[in-house]
Amino acid sequence: MSPRQRMINLMYIVLTAMLALNVSSDVLNGFRQVQQGLQTTTENLTARNEAQFRYLEQLHRENPEMVGPWLEKGTDLRRRTSTLYTEIENIKIAIARNADGPQGDYHHLINEDNLNSSTDVLLNPMNNRGKKLRESIDAYRKYVLTLITDPEKRKAFERMLSTTVKAAPGTIGATTWEQVNFENMPAIAAVTFLTHVQNNLRQAESEGLSSILNSVGSLYSIDPTDVRVNKLNAYVIPQSTMLIRGGKYSADIVLAAIDSTQRPRIVVGGREIPNGRFEVTAGSTGTFDYSGFIEVFSADGSASKYPFKSSYTVIEPMATISPTMMNVLYAGIDNPISISVPGVAMKDVTATITSGSLTRKGDLWVAHVSQVGTECDIKVSATVDGRNMNVGSMRFRIRKLPDPLPYIAVKDAQGNVNQYKGSPKRLAKAQLMSASGVSAALDDGILNITYQVVSFQTVFFDSMGNAIPENSNGSHFSARQIEQFKRLRVGKSFFITGIKAKGPDGITRDIPPMEVTLN
């Protein structure tokens with residue numbers, strides 16, 4: 001082999017190696033999205049753990065002697081978790097700066113595909129940072145499992161925080177946790193994995209704090225998940241704040257954390273309300289305010305009053321009728337209609353049409369009409385407080401479906417089916433030869449309806465300018481038409497005329513011709 005040929009072979013080997021080291025941008029983007037999701041979850045867990053610990057501190061303030069030992073355990077758990085969490089955070093920062101320089105930020109990595117950063121930071125034999133991290137996780141796992149009392153949860157968290165790994169097939173010698181997860185790993189992948197470990201730490205911390213609170217609750221002989229209340233507030237819970245004239249306003253007035261052994265006294269506008277339910281009949285439109293107080297009696301007989309105020313609005317009966325195709329209904333097809341009445345459940349709304357049929361499909365209605373050139377009305381009624389009442393109507397014009405446009409369904413280089421609708425666009429001869437025939441559809445951004453092509457004719461021109469018409473085989477190209485396609489040269493064109501298409505309304509119509517030009 002000549003020196004020149006050996007050099008060429010060597011270049012091919014180097015190029016192949018470089019391609020093997022390249023990491024797909026789609027893969028990197030996937031790691032980036034997972035990293036962001038894990039970061040958000042970890043922040044939520046951190047906030048939840050903070051709330052749990054604050055609750056433990058509150059219990060300690062109420063009973064320092066009983067809760068003191070458990071507060072110490074909670075404090076120790078938070079300290080250990082925070083220390084390990086910060087250690088991992090510093091490693092993520094070190095990987096980012098190794099990959100992008102002193103100003104590197106792992107939230108916005110530039111060299112995401114850097115394969116050396118995680119290796120340099122965690123597998124450097126001078127500091128053994130990866131080994132130390134593994135040992136810290138092992139120590140934390142052993143500690144946190146002593147706080148979790150549920151056997152099944154203990155097994156789950158033991159697996160979650162495990163650093164035991166299996167060597168890949170063909171690997172010689174022992175393989176460590178840090179080698180599997182950080183050796184020759186893209187920087188973004190290493191950062192994502194470390195965020196996953198931080199997420200596991202926060203979950204373990206949350207479970208540890210829950211176990212501690214459960215233990216404290218058993219001392220109090222209460223469920224620690226119960227909300228402890230130190231303030232009483234009055235609340236007005238209306239059935240609805242929007243009413244139709246003639247309907248009834250209904251609201252529940254309650255006091256949070258009341259004594260279940262006695263019912264409070266509720267007064268609205270100087271009148272006592274039995275059973276805590278305030279009701280008025282809406283006689284006129286407008287917004288109406290009301291106020292009152294709830295009186296609660298203590299065990300010693302003393303009373304406390306808690307004021308409240310609220311309002312309700314009465315509107316005229318109305319319906320919202322939203323045709324998805326303006327105020328026009330097309331004959332022969334299903335016309336979807338959206339009908340709703342503010343403040344009334346869908347099951348209590350009914351509608352009728354003066355011409356054709358109107359049926360409910362889920363939350364929509366479908367109108368089917370046939371008399372082109374006429375008008376029809378859709379009338380809506382609703383059941384309010386057991387009484388049926390008319391709430392609105394709308395008039396629609398009935399029109400014939402517009403004519404469709406012809407097209408040839410062709411496939412691009414990726415195998416996607418596109419609609420070729422004629423000049424000035426050009427069509428490759430190979431695409432024309434692979435097409436089966438002519439189709440037609442109405443697709444104007446409002447309607448999307450397919451028509452059936454019944455027949456058509458192609459017109460070719462010979463070198464003398466004479467027209468050569470050929471008839472189709474239904475909606476498909478005939479054998480004679482295909483033979484004419486084979487004779488076409490690049491840049492030539494022909495016409496598709498006499499196209500007849502049948503729509504879903506059963507009407508067969510003539511539609512515009514199209515010119516086909518080869519590129």
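Sort out which residues of the stretch 60-85 are basic (K, R) and closer than 15 Å to G208 by Cα, and write them in order of number. Steps first, answer last, please.
The first filter runs over the stretch 60-85 and keeps only residues basic (K, R), leaving 61, 73, 78-80.
Within the stretch 60-85, K73, R78, R79, R80 qualify.
Just need a number here: residues in the stretch 252-277 that are modelled with pLDDT of 80 or more and hydroxyl-bearing (S, T, Y).
0
From the set of residues in the stretch 443-477 that are of a type in the set (G, A, S) and closer than 19 Å to L405 by Cα, which is surrounded by the most Cβ atoms within 10 Å (Cβ to Cβ)? Walk me through how you get there before you give the answer.
Step one: of the stretch 443-477, the residues of a type in the set (G, A, S) are 445, 455, 463, 465, 467, 472, 474-475.
This time we only want the ones that are closer than 19 Å to L405 by Cα, so: 445, 455, 472, 474-475.
On the way: G445: 5, S455: 15, S472: 22, G474: 13, S475: 19.
Taking the candidates together, the pick is S472.
Got at least one residue in the stretch 503-518 being outside any loop (DSSP other than H, G, I, E, B), without any contact (Cβ under 8 Å) to a residue 60 or more places away in the chain and among the basic types (K, R)?
Among the residues of the stretch 503-518, not one is outside any loop (DSSP other than H, G, I, E, B), without any contact (Cβ under 8 Å) to a residue 60 or more places away in the chain and among the basic types (K, R), which makes the answer no.
Answer yes or no: is there a residue in the stretch 60-70 that is touching a Leu at 6+ places or on another chain (Cβ under 7 Å), over 13 Å from S206 (Cα atoms) and without any contact (Cβ under 8 Å) to a residue 60 or more places away in the chain.
For the stretch 60-70, residues touching a Leu at 6+ places or on another chain (Cβ under 7 Å), over 13 Å from S206 (Cα atoms) and without any contact (Cβ under 8 Å) to a residue 60 or more places away in the chain: present.
Considering only residues of the stretch 478-502 that are open to solvent by less than 50 Å² (accessible area, probe 1.4 Å) and in contact with an Asp or Glu (Cβ under 9 Å, 6 or more places away or on another chain), which is farthest from S434 (Cα to Cα)?
The first filter runs over the stretch 478-502 and keeps only residues open to solvent by less than 50 Å² (accessible area, probe 1.4 Å), leaving 478, 481, 484-485, 488, 491, 493-494, 496-497, 499, 501.
Next cut, in contact with an Asp or Glu (Cβ under 9 Å, 6 or more places away or on another chain) only: 478, 481, 484, 493-494, 496, 499, 501.
On the way: S478: 13, Q481: 13, Q484: 14, S493: 17, F494: 17, I496: 17, I499: 20, A501: 22 Å.
Once the filter is applied, the top-ranked residue is A501.
When both residues are 6+ apart or on different chains and their Cβ atoms are under 7 Å apart, which pairs have a first residue that lies in the stretch 464-485 and is under 20 Å from L427 (Cα atoms) and assigned to a helix (DSSP H, G or I), and a second that is of a type in the set (S, T, Y) and open to solvent by less than 70 Å² (accessible area, probe 1.4 Å)?
Listed pairs, sorted by first residue: Q481/T458; Q481/S472; Q484/T458.
Find the residue count for the stretch 278-331, including only residues that are of a type in the set (D, E, K, R) and modelled with pLDDT under 80.
Step one: of the stretch 278-331, the residues of a type in the set (D, E, K, R) are 279, 289, 295, 300, 305, 309, 316.
Keeping just the survivors that are modelled with pLDDT under 80 gives 300, 316.
Final tally of qualifying residues: 2.
If the Cβ limit is 8 Å and pairs must be 6+ apart or interchain, which residue in the stretch 172-195 that is of a type in the set (D, E, K, R) pairs with which residue that is part of a helix (DSSP H, G or I)?
Pairs found: E178/L122; E178/G130; E178/K131; E178/L133; E178/R134; E183/S118; E183/T119.
For the stretch 387-406, enumerate the residues that are of a type outside the set (A, V, I, L, M), crowded, with 20+ Cβ neighbours inside 10 Å and either at positive phi or part of a strand (DSSP E or B) (or both). Working first, answer last.
Keep residues of the stretch 387-406 that are of a type outside the set (A, V, I, L, M), which gives 387-388, 390, 392-393, 395-397, 399-400, 402-404, 406.
From what's left, crowded, with 20+ Cβ neighbours inside 10 Å: 396, 404, 406.
Result: F396, P406.
For the stretch 407-440, how many residues meet the condition of being surrounded by 16 or more Cβ atoms within 10 Å (Cβ to Cβ), free of Cβ contacts under 8 Å to residues at least 60 places away in the same chain and touching a Phe, Trp or Tyr at 6+ places or on another chain (Cβ under 7 Å)?
The number of residues fulfilling the criteria is 3.
Cβ-Cβ distance below 7 Å, separation of 6 or more or different chains: which pairs start in the stretch 71-94 with a residue that is among the aromatic types (F, W, Y) and end on one that is open to solvent by less than 60 Å² (accessible area, probe 1.4 Å) and part of a helix (DSSP H, G or I)?
Y85/Q198; Y85/L201
Does the stretch 336-352 contain at least one residue that is at pLDDT 90 or above, open to solvent by 50 Å² or more (accessible area, probe 1.4 Å) and under 37 Å from the mean Cα position of the chain (by Cα)?
Checked the stretch 336-352: at least one residue is at pLDDT 90 or above, open to solvent by 50 Å² or more (accessible area, probe 1.4 Å) and under 37 Å from the mean Cα position of the chain (by Cα).
Residues are listed down the side, and each one gets a yes or a no for (1) modelled with pLDDT under 85; (2) of a type in the set (D, E, K, R); (3) open to solvent by less than 70 Å² (accessible area, probe 1.4 Å); (4) over 20 Å from T149 (Cβ atoms):
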{"site": "A187", "(1), (2), (3), (4)": "no, no, yes, yes"}
{"site": "S211", "(1), (2), (3), (4)": "no, no, yes, no"}
{"site": "G217", "(1), (2), (3), (4)": "yes, no, yes, no"}
{"site": "R228", "(1), (2), (3), (4)": "yes, yes, no, yes"}
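The values are calculated or read from the model by the stated rules, or taken from the named source; none is laboratory data. From a predicted model like this one, the values you see are computed outputs, not experimental measurements. Neighbour counts are summed over all protein chains in view; Cβ atoms, including those assigned to glycine, are modelled from backbone coordinates with ideal geometry. Accessible surface areas use protein heavy atoms only, side chains included; no ligands, DNA or RNA. Shrake-Rupley method; radii C 1.70, N 1.55, O 1.52, S 1.80 Å.
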